[in-house]
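Input: a single structure, listed below in structure tokens.
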Protein chains: 2
Amino acid sequence: MTEQLSMHAPEPTVRRLPLYHRFLQSLRERGREQVSCTHIAEHLNVHPTQVRKDLAFTGIVGRPRVGYPVADLLESIETFLGWNNTTDAILVGAGSLGAAILGYERFREYGLNILAAFDTDPAKVGTTVRGVQVFAPDRMYDLVARLQTKIAVLTVPPDAAPDLATQLVLSGIEAIWNFTPVRLEVPGEIIVENVSLAASFAVLSNRLAAKYRRNPKE
Amino acid sequence: MTEQLSMHAPEPTVRRLPLYHRFLQSLRERGREQVSCTHIAEHLNVHPTQVRKDLAFTGIVGRPRVGYPVADLLESIETFLGWNNTTDAILVGAGSLGAAILGYERFREYGLNILAAFDTDPAKVGTTVRGVQVFAPDRMYDLVARLQTKIAVLTVPPDAAPDLATQLVLSGIEAIWNFTPVRLEVPGEIIVENVSLAASFAVLSNRLAAKYRRNPKE
DNA sequence: CTCTAATAGAGAATACTTTATCGATATGGC
DNA sequence: GCCATATCGATAAAGTATTCTCTATTAGAG
């Protein structure tokens with residue numbers, strides 16, 4: 001597993017790491033010091049080899065017959081994901097979804113530090129949502145530049161998304177966590193991660209539909 | 001593409017279908033009647049062959065040199081996803097995320113019909129959130145059984161998730177759309193779709209971290 | 001001290017997904 | 001009516017991800 005550290009992990013691997021992270025935290029709370037892939041795999045119902053491969057990408061090395069030290073493993077995952085130093089962010093669109101994200105304490109553990117929110121609604125501007133102050137969108141450029149925020153959480157209605165994405169890029173943002181169903185057109189160096197609730201619902205919905213296609217009774 | 005209808009589509013395909021669906025809706029609004037995979041692919045920046053394969057899974061057949069009728073394609077996707085007849089659902093956990101989902105009108109278009117919400121907070125019980133009435137959790141069994149709701153949207157704090165999942169299964173729910181980070185232990189016939197914001201954030205976060213590992217300046 | 005069993009890590013094999021290639025077919029220009 | 005071209009549908013190839021197999025290592029029992 002030499003030079004694996006500098007290699008990029010496959011996306012499925014990265015998506016599983018938070019799962020391991022969460023389980024390891026619960027182990028640490030219970031005072032456990034060592035853990036094996038077998039043990040993790042059993043609890044999370046994934047393949048032991050997959051756990052071993054996934055963890056190897058983070059650069060950790062284990063000991064046969066023992067496994068990995070829980071604390072080291074947590075740190076290794078956190079470093080790999082960039083979760084152990086905070087990254088400043090802004091939230092664009094202080095609607096109900098925006099408020100829900102601002103209220104989700106766990107993200108703070110992941111290093112996400114939302115400094116400010118923006119909304120076009122004049123009634124919201126000047127107020128605070130979950131302790132975060134809401135500004136008018138025209139303040140965005142200024143604030144992003146001055147505070148050097150790297151991440152923008154985009155939770156605006158679809159129509160507003162393309163425009164705001166452009167503005168965010170111009171402001172110097174580096175990554176957009178996009179909760180809108182719009183595919184943003186941004187330069188290649190900008191990191192965009194789309195959260196598609198529709199995609200997720202489609203999977204559920206399709207499986208339910210398939211079940212009834214196979215078995216039309218009930 | 002014979003018998004493809006009864007075949008199950010790969011999950012990546014299912015996850016892309018809403019993307020096509022959205023684009024096709026915009027085409028229909030603009031009065032367009034026919035569309036080719038090439039055209040869809042260009043706009044959404046995916047591979048034309050992939051679009052063709054994905055669409056084939058829904059059972060649609062196209063015509064060389066022309067493509068597919070937009071209306072038929074929309075219907076084909078909707079049928080395949082089970083989006084063209086409504087499915088009754090309940091929402092468990094009327095917190096801010098729950099409220100955001102209740103307020104997201106688009107899900108209604110996808111056939112998701114949330115009839116009732118449940119929350120342990122006595123202050124919320126009896127009120128309505130976004131027009132949906134909130135009940136105490138002990139009413140769950142009764143209501144799910146009586147209204148024959150198939151889907152439960154689970155938006156409760158992590159601690160409460162395992163218990164509620166068990167109760168939902170006992171109530172006769174068929175699918176759980178799980179917004180908690182907990183891996184639910186349910187019988188195999190229950191459909192569980194996990195929405196992991198942590199997984200999504202991990203991808204963004206890891207890419208940002210990798211960027212700075214490669215290029216520690218800035 | 002030796003033997004056994006559990007486990008990491010590497011590499012091979014399998015399965016799955018995406019992309020490329022090719023023949024068939026329908027449309028519109030000539 | 002015939003030809004050129006765009007596009008579909010099917011199959012093949014390439015690329016990824018997952019699972020299996022094997023060897024080396026270590027802890028603990030006898």
Checklist entry - Among the residues of the range B:36-52, is any away from DNA strand D (no atom under 16 Å from the Cβ), closer than 25 Å to A:Phe179 by Cα, modelled with pLDDT of 95 or more and assigned to a helix (DSSP H, G or I)? => result no
Meets criteria (away from DNA strand C (no atom under 11 Å from the Cβ), crowded, with 18+ Cβ neighbours inside 10 Å and within 22 Å of the chain's Cα centre (by Cα)) for A:Phe80: yes
Checked pairs for the range B:11-35, first farther than 15 Å from B:Thr58 by Cβ and within 10 Å of another protein chain (Cβ to nearest Cβ), second crowded, with 20+ Cβ neighbours inside 10 Å and not hydrophobic (A, V, I, L, M, F, W, C), C-beta under 7 Å and 6 or more apart or across chains, list as none
A:Val195 - would you say it is crowded, with 20+ Cβ neighbours inside 10 Å, under 19 Å from the mean Cα position of the chain (by Cα), within 8 Å of chain B (Cβ to nearest Cβ) and closer than 25 Å to B:Arg22 by Cα?
yes
Considering only helices (runs of 4 or more DSSP H) wholly within the range A:94-190, the ones with at least 1 residues that are within 12 Å of chain B (Cβ to nearest Cβ) and acidic (Asp, Glu) are A:106-109
Conditions (1) at positive phi; (2) touching a residue at least 12 places away in the same chain (Cβ under 8 Å) -> A:Gly126 fails only (2)
Review point. Just wondering, is there one or more residues in the range B:59-74 that are within 11 Å of chain A (Cβ to nearest Cβ), part of a helix (DSSP H, G or I), buried (at least 17 other Cβ atoms within 10 Å of the Cβ) and more than 16 Å from DNA strand C (Cβ to nearest atom)?
Key: no
Within the range B:41-48, can one find any residue that is within 11 Å of DNA strand C (Cβ to nearest atom) and within 12 Å of another protein chain (Cβ to nearest Cβ)?
yes
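The values are calculated or read from the model by the stated rules, or taken from the named source; none is laboratory data. Just so we're clear, the structure is a prediction, and the values are computed from it rather than from any experiment. When we count neighbours, we look across all protein chains shown, and the Cβ atoms used for this are built from the backbone with ideal geometry, even at glycine.
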